[in-house]
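The values are calculated or read from the model by the stated rules, or taken from the named source; none is laboratory data. Just so we're clear, the structure is a prediction, and the values are computed from it rather than from any experiment. Every residue, glycine as well, gets a Cβ built from its backbone with ideal geometry; the counts of neighbours run over all protein chains shown. With ligands, DNA and RNA removed, areas are computed over all heavy atoms of the protein, side chains included. Shrake-Rupley method; radii C 1.70, N 1.55, O 1.52, S 1.80 Å.
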Amino acid sequence: MNRQEIVLGRVECYEASPKVWSFKKVDDIVHGMNLRLSNMVGGFPFECQDTVWKDSERLYLCGEFSNNTEEHRQIQEKLCSAKSGYAAKRWVKTPNKRAVREDFATFRLDWMLYCVWQKCLGNKDFRELLTSIPEEVTLVENTTTDNQGTADIWGCRNKALVAERKRLTEEITRQNAHLGKKELERLVNIETNKVDSIGQWQGQNNIGKILMICRNALLAGAAPMVDYYLLKRAEIYILGKKALFP
């Protein structure tokens, strides 16, 4: 994807091809690379707003509960103490959906861009992973089977490709029943991700776009165009302190 074509919030349609790399699980292996790109992935700690974050998912989720209230502060503390980004979303965010900021949708894209960029700045390993992905590759979060209302906002769907990968998974499983669970899962991971040229990807793909924006910024030695004015106006509080931005 050309740098000038990356527009957040716009619905896209990508023809599936070897240059469109999709990721969903924390251990997806695509073209020999472990695409540990999901916000849920641990192992890339970084510091932001005077706090060390184990993953970018929890920093992002804290933005949903970022009013200057005791209720939101307590929810943020629970998010931070959860065992993982997935656990934070499943067991803390979901039960507290009613308390999400009413205006969150107005700044969530720039907040996500900010969160991912802070992970880039604060973790060398993540920077190296992101910049090792060829610049001509379009990154897509595969949300085909997700039923959440934001699936088409953050990722893309490609039912034809996912159906073929499912068929291939069943075939590989039948043919390799002698393998142990982990060995079989790795084989399925590698082989199904080789199937990449079926159907079309459709959705806003904002996570994929944000990753590409950050990759391009790192390669150019620049910073992404985060709307800090918008974030300042939102008056975001993180663990009792008002978030400070450039």
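Being surrounded by 14 or more Cβ atoms within 10 Å (Cβ to Cβ) and either touching a strand residue (DSSP E or B) at 6+ places or on another chain (Cβ under 7 Å) or on the phi > 0 side of the Ramachandran plot (or both) is the filter here, so list the residues in region 15-26 that pass it. Across region 15-26, the qualifying residues are ALA16, LYS19, VAL20, TRP21, SER22, PHE23, LYS24.
Those residues that are free of Cβ contacts under 8 Å to residues at least 12 places away in the same chain and assigned to a helix (DSSP H, G or I), I need them from region 34-91; list them, please. Selection gives GLU70, GLN74, SER81, ALA87, ARG90, TRP91. Of these, VAL100, VAL116, which one is under 25 Å from ILE236 (Cβ atoms) and open to solvent by 20 Å² or more (accessible area, probe 1.4 Å)? Of the residues listed, the single one that is under 25 Å from ILE236 (Cβ atoms) and open to solvent by 20 Å² or more (accessible area, probe 1.4 Å) is VAL100.
Only one of the numbered conditions (1) more than 28 Å from CYS80 (Cβ to Cβ); (2) out of contact with any helix residue (DSSP H, G or I) (no Cβ under 6 Å at 6 or more places or on another chain) is not met by ILE29, and that is (2). In region 27-82, the residue that is nearest to ASN206 (Cα to Cα) out of those that are among the acidic types (Asp, Glu) and open to solvent by 50 Å² or more (accessible area, probe 1.4 Å) is ASP27.
When we screen ARG127, ARG98, ARG167 for residues that are in contact (Cβ under 8 Å) with a residue 12 or more places away in the chain and of a type in the set (Lys, Arg), the only hit is ARG127. Restricted to region 129-246, the set of helices (runs of 4 or more DSSP H) holding at least 2 residues that are within 28 Å of THR106 (Cβ to Cβ), modelled with pLDDT of 95 or more and open to solvent by 50 Å² or more (accessible area, probe 1.4 Å) comprises 228-234.
Return a yes/no flag: does region 15-26 have any residue that is touching a residue at least 40 places away in the same chain (Cβ under 8 Å), part of a loop (DSSP other than H, G, I, E, B) and hydrophobic (A, V, I, L, M, F, W, C). Yes, there is a match, as at least one residue in region 15-26 is touching a residue at least 40 places away in the same chain (Cβ under 8 Å), part of a loop (DSSP other than H, G, I, E, B) and hydrophobic (A, V, I, L, M, F, W, C).
Test ALA105 against the stated conditions and say whether it is under 30 Å from ASN216 (Cβ atoms), free of Cβ contacts under 8 Å to residues at least 40 places away in the same chain and assigned to a helix (DSSP H, G or I). The answer is yes for ALA105.
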